[in-house]
Each structure stands twice: as C-alpha cells, then as structure tokens.
Amino acid sequence: MKKLSIRLKITLWFTAALLAISFSTYFLIRYLEHQSIQKNIQDNLIETVEHNVDEVEFYTNIDNIDLYNETDHFSAYRNGYLEIDDDFLDQVNEVYTALYNASGTLLYGENPISRKTSDLAFTDSKIQRIKTGGVLYYVFDRKLTARGLEGLWLRGVVSEQQGIEHILHVTSLSLQILPLLVLISIIGGYLLTKRMLRPIQEISESAAKIGTGDDLKQRIELAPGNDELHQLADSFNHMFERLEQAFEKERQFTSDASHELRTPVSVITAQCEFSLEKTRSSEEYEAALKTILRQAKKMSRLISDMLDFIRLEMRADSYVREDINLTELVESVCFDMALIREKDILLNCQAQEGICFYGNRQLLSRLLTNLIGNAYRYGKEKGDITVNLKSRENSIELSVSDNGIGIPREEQGKIFQRFYQADNSHSGEGTGLGLSMVYEITRFHGGKITVESEPAKGSTFTVSFEI
Ligand code: ADP
C-alpha cells in the first residue's frame, strides 16, 4: 500500500466505500421491499376474503332469488339454496378463495393447496402460514355468520412467490444498474482525482527544479484558483521567496565581509613587504608595526562583530527572552560605559525607575553599548552623552543623544545597513556593523529605531518597544 500513488489510494478507497454503500443499500432495499410486499400480499388476501363474505347468501325459497342475474352460482344447501354472486373473487391476483362447510368439504371456489390445507383447522380472521413444495403460503379463514350460513367458512390462500418474483426482478435490475453506477463513479472519481492532484504534480516538479537548479527566482505557477492546493503553492512560493532573500542576504554578507577584510589584510601585507624590502630605520619599523597592530585589531573587531551578527541573524532563536528590570540594566551599562571617559565626554543617565521589559539581557546590553560607543566615537571633545529611559502609555523609549559631529541627512537612511560607514567616520575604528546589529536587536524585540541628527550639532537615536 505504501508504494501506491495517492491517486490510486484515493480511488481504491473510494471504490471500496462505494461498493460497501451499494451492497448495503441493495440489501436494505431488498429487505424493506420484501417486508412491504409481504404485507401487501397479506392485506390483499384479507381484503379479497372480506369482499367475498358479502357475496354468499342463503335462501330458503327459490322464488326469493334474483333470477335475472344468470351468472350467479346456485347450489342446494340444507333446506334451501346458496347463491354465490358473480362478484365472488375465487381467483384474483393469485389470491384463491374457496367456500367450505364445517366438515371441511369444498363447496365452491378454488384452493391450489387444498390437500395440504385439509389438515389445517379453520381459524377465524387470522393469517396462518403453511409451507409446501418449498413455497410459503398465507391462509386466511373467515367464518360466515349471516342467517342460514352458520357453519360455513371462506378460506383464502395466496403464495408469497409472486412477491419473490418481484424482488428477483428488482435484484436483477439492481445487479445490472448498480455495477454500472459503481463503474461510472470509479472512472469519474479516478479522472477527478487525477485532475485535482495535477497541481501537486506541478508543485513537486517546480520544487524539484528549484532544488536542483541555481534559479531561486523560479516560482510555482498554477492556473487561477483558490483551493487548498493553491494555498499550498502560495505557501511554497512564500517559502521560496524567504529562501531567496536568505540566500541573497548570505551572499551579500559574504561578499561584504570579504571586501571589508581585504582592506586590513592588504594594509598588513603592504606594511610587511615595505619592512622586509630593505633595511629601514627604527622609526619606520615602529610606524609599520603600529599600522599592522591597528589593522589586526580592526580585523579582530570585524570578525567578532561578524560572528555576533551572524548568530543574531541566523540563529535568533538561541537568544532567550525573560522578564528583566530594564532600568537596572540601563544604569549598569551606563555605569560601565561612563568609565571610558574618552575625549573627556560626560555620560548622563536618566532612567525612569522600575521599568520592566520582556527581552534578552545580553542583546539589550549590546544595543545600548553600541549606541553609547558610537556616541563616544562621533562625539566632540568635552561633549555630553545623554541616555534616557522612560515609559510611555503603550511603549518604552530608550534614547542615546550626543552633541557630536552628526550625520548628513542623505546618509541617515543608510547607516543601519551592514558595513555602511558614513563620510563622517574618519576614526577608522568602526566596522560598520554596530548600527545594523542595533537594528536587528530592536527588530528581534519587536521594536522600532529612529534617528534624528544634524551635522555639527549631534544625533539622537531612539529605540521604542511596544508593551
Ligand atoms: P561604525 O562601526 O562605523 O560606527 P555603525 O554601524 O555603528 O558603524 O555606524 C554606521 C555609521 O553611522 C558610522 O560609520 C557613522 O558614520 C554613523 N554614525 C553612527 N552613530 C553615529 C553618531 N552617534 N554620530 C554620528 N555618526 C554616527
């Protein structure tokens, strides 16, 4: 069963269910029909015999008899005559009615199983069953009570055979029609599933093409529709889109990273070649070594930032979120960062008391460290940095302001891109990854980041988290 195609499995199941339904319907119809036919036969028997009760009369005097009706049957009985009206139904619809005297002698009418019923005692107004020659007969007796008829019996007999013949007819008709219907349903079902499952075929072909080829731009294209398979195709296309974006991001990152690493490596190589080319003065060696050290440190920062960034971007789920006291965290980072005291810059911390937030402690510390680090790096001598944390109605706002060199308006939209460094960043210390890391951390916490800056006046970075 495992190796069968879905189409075949559905068709087989469908066929089995259809056969089961057909058979049970057929047997149910047969049973109900049998019941109703047998009841009909019995009702018909009773009705015929009851009808015949009024068709038997007794006359003591022949003159009282209506002689105009010559088709009636007459016979001498006791001290008078019996008149059997010509409406007497002695054989109609396979129902036979016969007139008997009290000792069981047939006086008029027919009984196809008279020999068999001779031993059957007369029972008034009750259906009796008797089987002969493998056929079941219903017998209905009626005692006549009209004047002069006392002691006479009417006995009606009918076989259930006519009903069985009818059922056999229904059976043979069903046996012809049902298989035909089942066959039509199976073929219809098979064609329908084939048609319905065609999109799956297309989905798997497209997915295989995307899987084996290099073309991540390819998408599954189905004829217009809005069923479950179209939803599946949409989900796949959405997934391919995300995959394409992820691959593109990775490709871009690799190319940017190698580009960024190439510069310090070339500088180090050039400095080494310069020093080894010929004997240099000790000042020249010192200068070369200083450059090499600076570039090596830059490389080391780059590699460490890149690893952090990759971890955040590719394995964000490895960072667990918990309830943290953001006020304490901000104060503690500010305390540490205030010790830098670079360029005689003063760091002020204004954190509203008791602000809690559901986030990752390590990442939020990193976010604040990066923003304060930039404020130092791009701040002016003896300047100020202000860190502000406050809670608003539906959000928490964390901002870092400086009165440093500021960022030109046209560059403000680009500074969150990876490896982007604006023209103002002449320090050479940065890696261009700090703000993109801040951006990713904000996004990880479902927040937003904005920047307000004016060249030569300063910058304010504001991160807001919804609560
Ligand atoms: P970097 O490592 O170069 O600082 P970032 O991603 O942290 O990289 O910042 C990107 C660029 O944005 C920086 O190169 C700098 O030009 C600009 N920038 C960031 N913060 C500030 C700031 N506080 N003042 C002025 N310019 C800034």
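The values are calculated or read from the model by the stated rules, or taken from the named source; none is laboratory data. Only a predicted model underlies this, so the values are computations on that prediction, with no experimental measurement involved. Backbone-built Cβ (ideal geometry, glycine too); neighbour counts: all protein chains shown.
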- prompt: Hey, among the residues in the range 289-317 that are surrounded by 12 or more Cβ atoms within 10 Å (Cβ to Cβ) and acidic (Asp, Glu), which one's nearest to GLN245 (Cα to Cα)?
  reply: GLU313
message: Conditions first: (1) in contact (Cβ under 8 Å) with a residue 12 or more places away in the chain; (2) part of a loop (DSSP other than H, G, I, E, B). VAL158 passes all but one, so which condition is the exception?
response: (2)
- request: Output the residue which, of all residues in the range 278-336 that are farther than 28 Å from ILE268 by Cβ and of a type in the set (Val, Ile, Thr), is nearest to the chain's Cα centre (by Cα).
  value: VAL320
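β-branched (Val, Ile, Thr), over 19 Å from HIS445 (Cα atoms) and modelled with pLDDT of 95 or more: does that describe VAL387?
Details: β-branched (Val, Ile, Thr): yes; over 19 Å from HIS445 (Cα atoms): yes; modelled with pLDDT of 95 or more: yes.
Yes, satisfied.
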message: It is to be established whether one or more residues within the range 438-456 are within 7 Å of the ligand (Cβ to nearest atom), at pLDDT 95 or above, more than 30 Å from SER258 (Cβ to Cβ) and over 43 Å from the mean Cα position of the chain (by Cα).
response: yes
- prompt: So is GLY430 touching a Lys or Arg at 6+ places or on another chain (Cβ under 9 Å), under 28 Å from GLU466 (Cα atoms) and near the ligand (Cβ under 8 Å from one of its atoms) or not?
  reply: no
query: Quick check: anything in the range 377-393 within 12 Å of the ligand (Cβ to nearest atom) and within 30 Å of GLN252 (Cα to Cα)?
result: yes
message: For SER255, only one of the following conditions fails: (1) of a type in the set (Ser, Thr, Tyr); (2) at pLDDT 85 or above; (3) assigned to a helix (DSSP H, G or I); (4) more than 27 Å from ARG315 (Cβ to Cβ). What is its number?
response: (4)
task: Identify all residues within the range 41-81 that are more than 23 Å from ALA102 (Cα to Cα), exposed (fewer than 15 other Cβ atoms within 10 Å of the Cβ) and at pLDDT 80 or above; write none if there are none.
output: ASP43
- prompt: away from the ligand (no atom under 16 Å from the Cβ), hydroxyl-bearing (Ser, Thr, Tyr) and modelled with pLDDT of 95 or more - does that describe any residue in the range 316-335?
  reply: yes
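Could you list all residues from the range 336-376 that are hydroxyl-bearing (Ser, Thr, Tyr) and either within 27 Å of PRO455 (Cα to Cα) or within 13 Å of the ligand (Cβ to nearest atom) (or both)? Please lay out each step first, then the result.
Residues of the range 336-376 hydroxyl-bearing (Ser, Thr, Tyr): 358, 365, 369, 376.
Residues satisfying the conditions are THR369, TYR376.
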- request: Among the numbered conditions (1) modelled with pLDDT of 85 or more; (2) within 26 Å of LEU433 (Cβ to Cβ), tell me where GLU273 comes up short.
  value: (2)
query: Given the conditions (1) within 59 Å of the chain's Cα centre (by Cα); (2) closer than 30 Å to SER395 by Cα, and given that GLU250 satisfies all but one, which numbered condition is not satisfied?
result: (2)
